[in-house]
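Novice: Quick one: the structure is below, and I'll ask about it shortly.
No value in this document is a laboratory result; all are computed from the given coordinates. Quick caveat, the model's predicted, so the values are computed rather than measured. Cβ coordinates were reconstructed from backbone atoms using ideal geometry, including for glycine residues, and neighbour counts include every protein chain displayed.
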Amino acid sequence: MRPGTAASRARPGGGARKASRAAGEERPLTSVAAGDRFRGEDPGHTPRLWHVTLSVSGARAPLPEVRRALEQLAHDHPFLLTSRYADDHAEIRYWEEARDLHDAAAVALRLWGEHRQTAGLPPWEIVGLEVIDRATYHQRIAAGYGPAPATPVGVHPF
């Protein structure tokens, strides 16, 4: 369950959790080492790496603005591997750590909309999404499909 959802806010005792922080006060983050598990958690439910390709398109936009926006998105989220763009579409590739494909896809589907304002992204819509596990990604690369892992990281025109 994701933090902030209704089910994650309920206490095991039944009642909803009372606000213990002032409005606008952020909750401290806690890090978890890679491979750590909760007690009793099935090892099959630990986070895995997923390769995500997000495709967006829409009305034409000036190329310098598209490039600047994608560079800002990459700055805001350094996990982005590469972005390719034209004046009416773009493709973003990155690795996502998630427990399952559903979680990785949900995060990917929110990425463009949640960062449209802060990165100055064009008002394009998501037109494609591919989420594959690490093993499938490496099988494809070995078979000669897809961009090689040595593709330069960054923002590039198509």
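Novice: Given H placed 1.01 Å from N in the peptide plane, which residues other than close sequence neighbours of G154 have an amide H under 5 Å from its amide H?
Specialist: Result for G154 returns T82, S83.
Novice: Once you have the Cα-Cα distance between D88 and S57, take 0.36 nm times their residue separation minus that, and quote the gain in nm to one decimal. Before the final figure, lay out the partial values.
Specialist: Working: separation 31, 0.36 × 31 = 11.16 nm, distance 0.55 nm.
This chain segment gains 10.6 nm when fully extended.
Novice: How far apart, in nm, are the 7 Å Cα→Cβ label points at A135 and W95?
Specialist: 1.7
Novice: Something else now. For R116 and H156 in one chain, what is 0.36 nm times their gap in residues minus the Cα-Cα distance, to one decimal in nm?
Specialist: Here the segment from R116 to H156 would lengthen by 12.5 nm.
Novice: When the Karplus curve 6.51 cos²θ - 1.76 cosθ + 1.60 is applied with θ = phi - 60°, which whole-Hz ³J(HN,Hα) does each residue of the range 104-119 get, with x for Gly and Pro?
Specialist: Whole-Hz 3J(HN,Hα) from phi for the range 104-119: 4, 5, 4, 5, 4, 5, 8, 3, 5, x, 5, 10, 4, 6, 5, 9.
Novice: Let me ask something else about it. Kindly state, to the nearest 0.05, the FRET efficiency for A142 paired with E65, given R0 = 30 Å and r defined as their beta-carbon distance.
Specialist: FRET efficiency, A142 to E65: 0.20.
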